[in-house]
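S.K.: Questions regarding the structure given below will be posed in turn.
Computed from the coordinates by the stated procedures, all read-outs in this text should not be read as laboratory data. It should be emphasised that the depicted structure is a prediction, and the values quoted were computed from it without experimental measurement. Quick reminder, even Gly has a Cβ in these numbers, built from the backbone with ideal geometry, and neighbours come from all protein chains shown.
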Amino acid sequence: MPYPAPRERAPSAKEIQLPVEGAWRVRWGGNGVENNPLVLEPARRFGLVLVQDRPEGAGAAEDPSAWPAHGASVTAPASGRVAALVTQLPDGPPTAGRDPVGNHVVLDLGAGEFLWITGLAQATPGFAVGDAIEAGVPLGTVGWSAAARPTWEPHLGLFLASTADLRSAEGIPWRLAGSLRDGSVWSGELPEGGVDWEGRPRGPLLERAP
């Protein structure tokens, strides 16, 4: 059963934009463990995990360059103040003991809402904890720094929570603004992810609306 979050029926009113260009597949998202295994985690209860489809013949799976998502630019999905920052974790296929969310930036959006942008590449950012960040400002690139759960491949994780401490955070429902879903203008609850019987992602493609 999904984790019973205190904000279950009180979604955020903040405008949160898709922080990447191009089409991104919803690997995990929505309700039900078959669509989103993160529903059982307090902090990432309303998480969204995005990947890019890997073309056939892309090269060895252990090579970061074989994954289209790796190295993609990531911008701030909303305006806020940097509440937490991890940037020193190396890239590469997940190993035992890997940090659950990898390199990440947490933005304090105010009113007790903290936006987590996770799975980033190792880098030296041009900002620090306490700095104010405007929506659209570059935060880094997608890396391969997070644990194998919820997905082994390089991915971008987004979730809204009650604190900048993963151990005590509670998830908060949120929505993407100004987005297309499979080419059509879309608004509402976060789309469902999941995989088919052959293990292929069956979630929709998301991209920024023009």
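S.K.: Taking the chain on its own, what percent of its Cα-Cα pair distances exceed 24 Å?
M.R.: Percent of Cα pairs beyond 24 Å in the chain: 35.
S.K.: State to the nearest 20 debye the size of the charge dipole of the chain about its Cα centre, where the only charges are +1 on K and R beta carbons and -1 on D and E beta carbons.
M.R.: Roughly 340 debye, rounded to the nearest 20.
S.K.: Could you give the spread of the C-alpha atoms of region 156-210 along their three principal axes, from largest to smallest, in whole angstroms?
M.R.: Per principal axis, max minus min of the Cα coordinates gives 36, 33, 17 Å.
S.K.: Rounded to a whole number, what is D in µm²/s for region 118-210 from Stokes-Einstein with the Kirkwood radius over alpha-carbon pairs (4 °C, 1.567 mPa s)?
M.R.: This corresponds to a translational diffusion coefficient of 81 µm²/s.
S.K.: Give the relative contact order (percent, whole number) for region 80-174; include only Cα pairs under 8 Å separated by 6+ residues.
M.R.: Relative contact order here is 34 percent.
S.K.: Note the full-extension length gain between SER168 and ARG202 as 0.36 nm times their separation in residues minus their Cα-Cα distance, in nm to one decimal. Intermediate values should be presented prior to the final figure.
M.R.: Numbers: separation 34, 0.36 × 34 = 12.24 nm, distance 3.14 nm.
Fully extending the segment from SER168 to ARG202 adds 9.1 nm.
S.K.: Report the one residue of GLY29, GLY71, PHE46 whose Cα lies farthest in the direction of the positive end of the charge dipole of region 1-72 (charges on C-beta: Lys and Arg +1, Asp and Glu -1; origin at the Cα centre).
M.R.: PHE46
S.K.: Amide H to amide H under 5 Å from GLY140: which residues, 5+ apart in sequence or cross-chain, H placed 1.01 Å off N in plane?
M.R.: Hits under the 5 Å cutoff: VAL74.
S.K.: So, counting K/R as plus one and D/E as minus one, what does the shell of residues with Cβ under 13 Å around ARG149 add up to?
M.R.: Neighbour charge sum, excluding ARG149 itself: 0.
S.K.: Check each of the trypsin sites (Lys or Arg not before Pro) in region 121-195 and keep only those in coil by DSSP with at most 13 other C-beta atoms within 10 angstrom; list them in order.
M.R.: Those that pass, being in a loop and sparsely packed, are ARG167.
S.K.: At 25 °C and a viscosity of 0.890 mPa s, what translational diffusion coefficient does Stokes-Einstein give for region 21-90, taking Rh as the Kirkwood radius over Cα pairs? Give it in µm²/s as a whole number. All intermediate terms of the calculation are to be shown ahead of the outcome.
M.R.: Numbers: Rh = 14.8 Å.
Estimated via Stokes-Einstein, D reaches 166 µm²/s.
S.K.: Sequence-distant or interchain residues sharing an amide H contact under 5 Å with ALA177, placed H: which?
M.R.: Placed amide hydrogens put ILE16, GLN17, LEU18 under 5 Å from ALA177.
S.K.: Next question, about the same structure. What is the gain in length, in nm to one decimal, between ASP182 and ALA96 on full extension, counting 0.36 nm per residue of separation less the C-alpha to C-alpha distance?
M.R.: Length gained, ASP182 through ALA96: 27.4 nm.
S.K.: Counting other Cβ atoms within 10 Å, keep those with at most 10, restrict to DSSP loop, and tell me which GluC sites (Glu not before Pro) in region 1-101 are left.
M.R.: Numbers: sites: GLU8, GLU15, GLU21, GLU34, GLU56, GLU62; in loops: GLU8, GLU15, GLU21, GLU34, GLU56, GLU62.
Of the GluC sites (Glu not before Pro), the ones in loops of region 1-101 whose Cβ has at most 10 other Cβ atoms within 10 Å are GLU56, GLU62.
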